[in-house]
Amino acid sequence: MPRELEFQGIFFPTLLIILIIAAAIYWLLDGVLARAGLYRHVWHASLFRVCLFVCLFSALGLMFYD
Amino acid sequence: MSISSNLRSSAIASAWRAVAREEFAYWLQALRTMTAMLLALAIAFRLDLSSPSSAAVTVAVISLPQSGMVLEKSFYRLLATLGGGLLALLLVAVFAQQRDLFIAMVALWVGVCAAFSTWFRSFQSYGWALAGYTVCLIGFPAYEHADRAFDIVVDRVSIVALGILCGGVVNATLFPRSSSSSLVQSVRRSFRDFTSFVQAALQGYAARAELQKTQQQFLHDIVALETTRASSFFEDPESRIRTPRLRRFISQFMVASTTAHAINRLRENLTARGMFDVVAALKPLHDIFQRALHTERDEPPSAAAEAVIVVRQLEQLLAEWDAHVQTAWALLPEPASIEQIAEPGAEQGAQQCVELASGLLLLREFIEEARDFAETYAELRTPRSALDRLGGAAAVARADRLATLIAGLRAALVLSGVCIFWIASAWPDGFSAALLSAVVCTLFVNAPLPTQAVWQMVRGFALGFVAAIICFTFVLPAMDGLLLMIVGLVPFLMVGTYLLARPQTAGLGSGYCMMFLVSLAITETMQYDVVGLLNGGIAQIVGVVVAALAFSVLFPTNTAWHRRRVERTLWRELTRARRAPLTDLRHRFESGVRDLSLQFINLATSEATRRQRVLAGMILLEAGRAIIALRDISRNAELAIFDSAIAALLDTAVDALIAPPEDRAIDLIAAAESSVQALRLQIEGALSATVPTAATVQQDLIALRTALQLLQLALAERKNQLADMRENNAGEKVRHAARA
């Protein structure tokens, strides 16, 4: 996987695309978990959600960058 | 002696504890803001971004007490920066050779944004303001270096995104204060306040002034509920799922509290006319209704789970409604036979029957509204609910169209004026002045007292400027490396972030932080250019002062003329109640009137006028309720004979109410009132042709008659208010003349 992509002469990092994908997956997952009522059983819900996103993004990033 | 001193010392102790808790919250917020700022600075250095201090400024701008608010403001800030950046790029691409056209287009855009900013509320309004001045912020440097325009835009967007990321993560995770828990508290408090308001309105022991105070409180509460709901949307997925229900909750709160008022007014009117029998006949039902609003422990429900009980009790009350109605009719001393009707005094008896039927009808409507309200509250306890399929209408924001135009025109004129001066005088720091004038002209459009808000910010700028000079000349040169620099910055930032956290000094604090960080212009290799620092600072202050002058000179807000415009827009809402399509009209009317009413109340300078305006808002809501009810009833085919009469009457009533209060408004209202009364008497005549009893009463005629009566009461109230105001004005004039 190339580290930078080119669109109409503009270079941008592949990580940006991965970020957007991770955000989309996170959005879905977050909604499902909230509907299931999981966040009520978590001590620090916002910290949990930040960490969830970091895990998702890093996992996807490592998958493409390895 | 010891008891009183003990009491005093415990009172002092609890006051101290309250202050300490508050201060602790402020310092915690300051700590969050500062941590996020330093984090943003450090990352910006690591990523080699061009102006790390801008990332810290972003953190300061989005620093708010609750994490949901931070996220909401961040969202609109990011959106506005992206939009503004793209537009700046477009303008540079199109007008790269045409300086004057470029400036004209930027000024136009800033004007448009200022106008939209006036049209919207809270953070959406902020987003528009930001979209306006971002074009200045990015556009002018990009124009000067058109070859690097794209890089400048990317740089700016990355800096803002970095600031938002740091601010968002730190505020959401470091000892956060969440909006969703505050939303839960406000929802519970709203329902509790509603039940006690109902109690006061039904029993009528609360003084007029107290009910008005509650109403004013409700106006603020409803706005606060809506803002907290919007913030929680960005913070908490559970609140996001509940959005339709929360919107319904707010809307039903408004609708039901207006009906409570109508009931109170009706009861007052009955007492004033000596219809004590009717009041006494309604009393047992009022008591049952009130008990149904409370749990077994005789308390209002403290949480959504307990509201389920209230819903069940209200359902039961509605199911047994007919029996209750029978009891109420039995309590009324009825004319026993035909002979008695012919006797003198029977007139009164028939009138009482009509009044009782009206009172029962209105009460049933109110109980249904209260049931719906409690049901929505109860349904909030689970993440998912069947109610969500019904949807919930969004809050309505209203503004005077001319005021929006003026805000736009002012911003465009100020920016072009400063730019012309900049070009004509070849001022090297003209950019800072132009930028700051645009910032102020767009950011403060919705402040009730924009000039004061701007001056507070100017004081913050001055303070921040002094701090920057001290830090710049004495502290930073001694600090080598990132860690030491942070140590050197912390004391200065602590002052700024603390000021920012306190609501009373938030304007001061934001000015301080912005000026301090922008003036320092911290970069990897600092350039110690004191002349540049002074020139930049002076230019910024000039920009702000020009904008502040524009606010107080160029179409100033809060003049008598402006207040009259707002008042007229407020009363004009009645034409919407008269003409707009009926679906969801109650909600849109209530929401729009409350929005405008609060604007109008906030423009008041004295407590007396404030009370006057709260009262006017209540009258307006009641009149609108009656008008919408009348339109709704006249759709009934059986009442077709009254159609033209109702239509004519609504037109006269609306025209009379929206007439400017200085003119013949009192006479017009009196005329409308008497025509309402004429129709009401005609209907009552039709009703008492057969002596109404529980069995024979014609519900649709009674409904029509009730709506007419409420409209008449609202008209009478407005007439009295105008007469009072006129008397007060006359008194003022006499006093003036005596003094002269």
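The values are calculated or read from the model by the stated rules, or taken from the named source; none is laboratory data. Since the model is a prediction, treat every value here as computed from it, not as a measurement. As a convention, Cβ positions derive from the backbone with ideal geometry for all residues, glycine included, and neighbour counts pool all protein chains shown.
Taken over region B:195-235, the criterion of being under 11 Å from the mean Cα position of the chain (by Cα) and within 22 Å of residue B:370 (Cα to Cα) is satisfied by B:218, B:219, B:220, B:221, B:222, B:223, B:224, B:225, B:226. Only residues that are part of a helix (DSSP H, G or I), within 13 Å of another protein chain (Cβ to nearest Cβ) and basic (Lys, Arg) were counted across region B:222-253, and they come to 1. Close Cβ contacts (under 6 Å, 6 or more residues apart or on different chains) running from residues in region B:434-460 that are outside the structural domain of residue B:514 (by TED's automatic domain parsing) to residues that are modelled with pLDDT of 85 or more and polar (S, T, N, Q) are absent.
For region A:16-66, the set of residues classified as of a type in the set (Asp, Glu) and out of contact with any Lys or Arg (no Cβ under 8 Å at 6 or more places or on another chain) consists of A:66 only. All of (1) surrounded by 14 or more Cβ atoms within 10 Å (Cβ to Cβ); (2) at pLDDT below 85; (3) polar (S, T, N, Q) hold for residue B:473 with one exception: (1).
Inspect region A:54-66 for any residue being charged (D, E, K, R), within 14 Å of chain B (Cβ to nearest Cβ) and on the phi < 0 side of the Ramachandran plot and give the result as yes or no. Scanning region A:54-66 turns up no residue that is charged (D, E, K, R), within 14 Å of chain B (Cβ to nearest Cβ) and on the phi < 0 side of the Ramachandran plot.
Let's see how each residue does on (1) acidic (Asp, Glu); (2) at pLDDT below 85; (3) in a loop (DSSP other than H, G, I, E, B); (4) under 23 Å from residue B:178 (Cβ atoms):
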position: A:19; (1), (2), (3), (4): no, no, no, no
position: A:22; (1), (2), (3), (4): no, no, no, no
position: A:25; (1), (2), (3), (4): no, no, no, no
position: A:31; (1), (2), (3), (4): no, no, no, yes
position: A:40; (1), (2), (3), (4): no, yes, no, yes
position: A:60; (1), (2), (3), (4): no, no, no, no
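Quick grid of which residues meet (1) touching a helix residue (DSSP H, G or I) at 6+ places or on another chain (Cβ under 7 Å); (2) closer than 23 Å to residue B:179 by Cβ:
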{"position": "B:42", "(1), (2)": "yes, no"}
{"position": "B:47", "(1), (2)": "no, no"}
{"position": "B:55", "(1), (2)": "yes, no"}
{"position": "B:58", "(1), (2)": "yes, yes"}
{"position": "B:62", "(1), (2)": "yes, yes"}
{"position": "B:67", "(1), (2)": "yes, yes"}
{"position": "B:101", "(1), (2)": "yes, no"}
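Evaluating residue B:404 against the criteria (1) under 21 Å from residue B:598 (Cα atoms); (2) buried (at least 21 other Cβ atoms within 10 Å of the Cβ); (3) not charged (D, E, K, R) leaves one unmet condition, (2).
Let's see how each residue does on (1) of a type in the set (Lys, Arg); (2) away from every other protein chain (no Cβ under 14 Å); (3) surrounded by fewer than 21 Cβ atoms within 10 Å (Cβ to Cβ); (4) in a helix (DSSP H, G or I):
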{"site": "B:35", "(1), (2), (3), (4)": "no, yes, yes, yes"}
{"site": "B:77", "(1), (2), (3), (4)": "yes, yes, no, yes"}
{"site": "B:81", "(1), (2), (3), (4)": "no, yes, no, yes"}
{"site": "B:94", "(1), (2), (3), (4)": "no, yes, yes, yes"}
{"site": "B:113", "(1), (2), (3), (4)": "no, yes, no, yes"}
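Taking only region B:381-412 into account, find how many residues are within 14 Å of chain A (Cβ to nearest Cβ) and in contact (Cβ under 8 Å) with a residue 12 or more places away in the chain.
Adding up the residues that qualify gives 5.
When B:162, B:183 are screened for being modelled with pLDDT of 85 or more and more than 29 Å from the chain's Cα centre (by Cα), only B:162 passes.
Could you list, in sequence order, the residues of region B:155-170 that are over 13 Å from residue B:58 (Cα atoms) and within 11 Å of chain A (Cβ to nearest Cβ)? B:169, B:170, listed by residue number.
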